[in-house]
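What follows is a short report on a single structure.
The values are calculated or read from the model by the stated rules, or taken from the named source; none is laboratory data. Just so you know, these numbers come straight off a predicted model, no measurement behind them. So basically every Cβ, Gly included, is an ideal-geometry build from the backbone, and we count neighbours across all protein chains shown. The area values use the complete protein model at the heavy-atom level, side chains included, leaving out ligands, DNA and RNA. Shrake-Rupley method; radii C 1.70, N 1.55, O 1.52, S 1.80 Å.
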Amino acid sequence: MKLLEYEAKAILKAFSIPVPASSIVNSKTTKIEIPVVLKSQVPVGGRGKVGGVRLIKKADDMQAIKDMLSLPIKGHTPNVLLAEEPLSIKREYYLSLIIDRSDSTIELMAHKEGGIEVESQSNFRRWPLGEDRNRNHKVAKMLTEYFGLPEQLSVITELINNLYKCFVASDATLLEINPLILTTTGNIVAGDCKMTLDDAAKFRHPEWNFEDTPANTNFVTLDPEGSVATIANGAGLAMATVDGVADAGLSPANFLDIGGGANEASVLQAFKQIMEYPNISAIVINIFAGITRCDEVAKAIISAKSHIPELPKLYIRLAGTNYEAADALLSRAGIPLLPSLESCLHSIKEDH
Ligand code: GDP
Ligand code: MN
């Protein structure tokens, strides 16, 4: 899950990481303190360059709120704005925590030229962090030297320790602060924050209540422009189906494991999700039914045919529990079955 800036900053604040004083603004807001920095709460970066971050000085604040709430940023229109106390910026730095999978560590990445141009920078510094406070103190020392802020050693040490705690306790996979701001009065403040949380850790976090929701890992988009959609049951067969489509020189749009408890309603839902892709010309259905019942899948296919008139051509292979019942239902409806995945793929290629 990708958090919005205000959601991420609320987490930072709970871990004693300094953020600007702020409030949330929506279309019902009637008054805010000025001067103020208004920030569009959309799940994309680079807002500063396209009108998503505005410093409001005069009392045209209500009009600015209205304008920003209706201004789409890279296709996203915000539900709320973050209204922050303006900072007097002396310098901007870049700081992030990421997972280094090859090393099984959490790494600190830094650049002394932070802010909106950071993507064009190279030579990011990287240091592994750890539970050991001495380790993090050493990193803080190297970081303050690199930033040219030796006088901030104790502040930066505490910041790194808190960021590390925050990252682990939140089951984050990314925590990025850009810019990390040094104010003219010598304070270090998180000016912006991007945070991604691990969907798989949802069961540990009853408090997770964000605008974004955990992804359905049974349905994964592989290529929204792809031309062949797949429906299979069991993760192994679903992967093999995707591989088969790709090996046949076709472009799979999605992975879908309808699972053991699949019924007519859940399979119909999957068809609807598939219909959101623009380029689908074939749907491969590959079911080896154990707990899943072929007749339930057949009913869903027939129902999808009648509910979705523009449904692309189906290439269906069914085997296992209640196959005979499914075969009878489908042949009555005039929907043919194929004997194997290979024959499905072969037919798709012949038809195109
Ligand atoms: P982004 O463009 O979506 O990454 O949004 P940021 O929050 O990073 O803001 C972009 C830029 O706005 C920053 O790099 C600052 O240079 C600038 N900015 C100007 N005044 C302020 C302020 O008071 N607070 C913050 N956070 N940024 C400011
Ligand atoms: Mn930023």
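For Met142, work out the one condition from (1) open to solvent by 20 Å² or more (accessible area, probe 1.4 Å); (2) closer than 19 Å to Thr184 by Cα it doesn't fulfil.
(2)
Residues are listed down the side, and each one gets a yes or a no for (1) within 21 Å of the chain's Cα centre (by Cα); (2) more than 21 Å from Ala298 (Cα to Cα); (3) among the polar types (S, T, N, Q):
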| site | (1), (2), (3) |
| --- | --- |
| Asn218 | yes, no, yes |
| Gly249 | no, yes, no |
| Phe271 | no, no, no |
| Val284 | no, no, no |
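If you check Asp247, Asp223, Asp212, which single one turns out to be touching a Lys or Arg at 6+ places or on another chain (Cβ under 7 Å), among the charged types (D, E, K, R) and more than 16 Å from ligand 2 (Cβ to nearest atom)?
Details: Asp247 fails: touching a Lys or Arg at 6+ places or on another chain (Cβ under 7 Å); Asp223 fails: touching a Lys or Arg at 6+ places or on another chain (Cβ under 7 Å).
Unique residue meeting the criteria: Asp212.
Out of curiosity, is Glu92 farther than 20 Å from Ala10 by Cβ and surrounded by 14 or more Cβ atoms within 10 Å (Cβ to Cβ)?
Details: farther than 20 Å from Ala10 by Cβ: yes; surrounded by 14 or more Cβ atoms within 10 Å (Cβ to Cβ): yes.
It is true that Glu92 is farther than 20 Å from Ala10 by Cβ and surrounded by 14 or more Cβ atoms within 10 Å (Cβ to Cβ).
Which of (1) away from ligand 2 (no atom under 16 Å from the Cβ); (2) of a type in the set (A, V, I, L, M, F, W, C); (3) over 22 Å from the mean Cα position of the chain (by Cα); (4) surrounded by fewer than 15 Cβ atoms within 10 Å (Cβ to Cβ) is the odd one out, the single condition Phe124 does not satisfy?
(1)
So if I check each of Glu7, Glu33, which one is more than 25 Å from His205 (Cβ to Cβ), of a type in the set (Asp, Glu) and not in a strand (DSSP E or B)?
Values: Glu7 fails: more than 25 Å from His205 (Cβ to Cβ).
Matching residue, one of Glu7, Glu33: Glu33.
I'd like to know if the range 182-193 contains one or more residues that are surrounded by 15 or more Cβ atoms within 10 Å (Cβ to Cβ) and more than 16 Å from ligand 1 (Cβ to nearest atom).
No, there is no match, as no residue in the range 182-193 is surrounded by 15 or more Cβ atoms within 10 Å (Cβ to Cβ) and more than 16 Å from ligand 1 (Cβ to nearest atom).
Just to be sure I understand, how many residues within the range 23-64 are open to solvent by less than 70 Å² (accessible area, probe 1.4 Å) and over 16 Å from Thr77 (Cα atoms)?
9
One residue is enough: does the range 73-81 have a residue meeting the conditions β-branched (Val, Ile, Thr), open to solvent by 50 Å² or more (accessible area, probe 1.4 Å), under 23 Å from Val37 (Cα atoms) and not in a strand (DSSP E or B)? If you could, list the steps in order and put the result at the bottom.
Restricting attention to the range 73-81, the residues satisfying the condition of being β-branched (Val, Ile, Thr) are 73, 77, 80.
Those left that are additionally open to solvent by 50 Å² or more (accessible area, probe 1.4 Å): 77.
Of the ones still in play, those that are also under 23 Å from Val37 (Cα atoms) are 77.
This time we only want the ones that are not in a strand (DSSP E or B), so: 77.
Within the range 73-81, one or more residues are β-branched (Val, Ile, Thr), open to solvent by 50 Å² or more (accessible area, probe 1.4 Å), under 23 Å from Val37 (Cα atoms) and not in a strand (DSSP E or B).
Go through the range 88-109 and count every residue that is more than 13 Å from ligand 2 (Cβ to nearest atom) and in contact (Cβ under 8 Å) with a residue 24 or more places away in the chain. Steps first, answer last, please.
Of the residues in the range 88-109, the ones more than 13 Å from ligand 2 (Cβ to nearest atom) are 88, 90-91, 97-109.
Narrowing the set further to residues that are in contact (Cβ under 8 Å) with a residue 24 or more places away in the chain leaves 88, 90-91, 97-100, 103, 105-106, 108.
Summing the residues that are more than 13 Å from ligand 2 (Cβ to nearest atom) and in contact (Cβ under 8 Å) with a residue 24 or more places away in the chain in the range 88-109 gives 11.
If I filter the range 98-113 for residues that are within 10 Å of ligand 1 (Cβ to nearest atom) and open to solvent by less than 70 Å² (accessible area, probe 1.4 Å), do I get at least one hit?
First pass over the range 98-113, keeping only residues within 10 Å of ligand 1 (Cβ to nearest atom): none.
No, the range 98-113 has no match at all.
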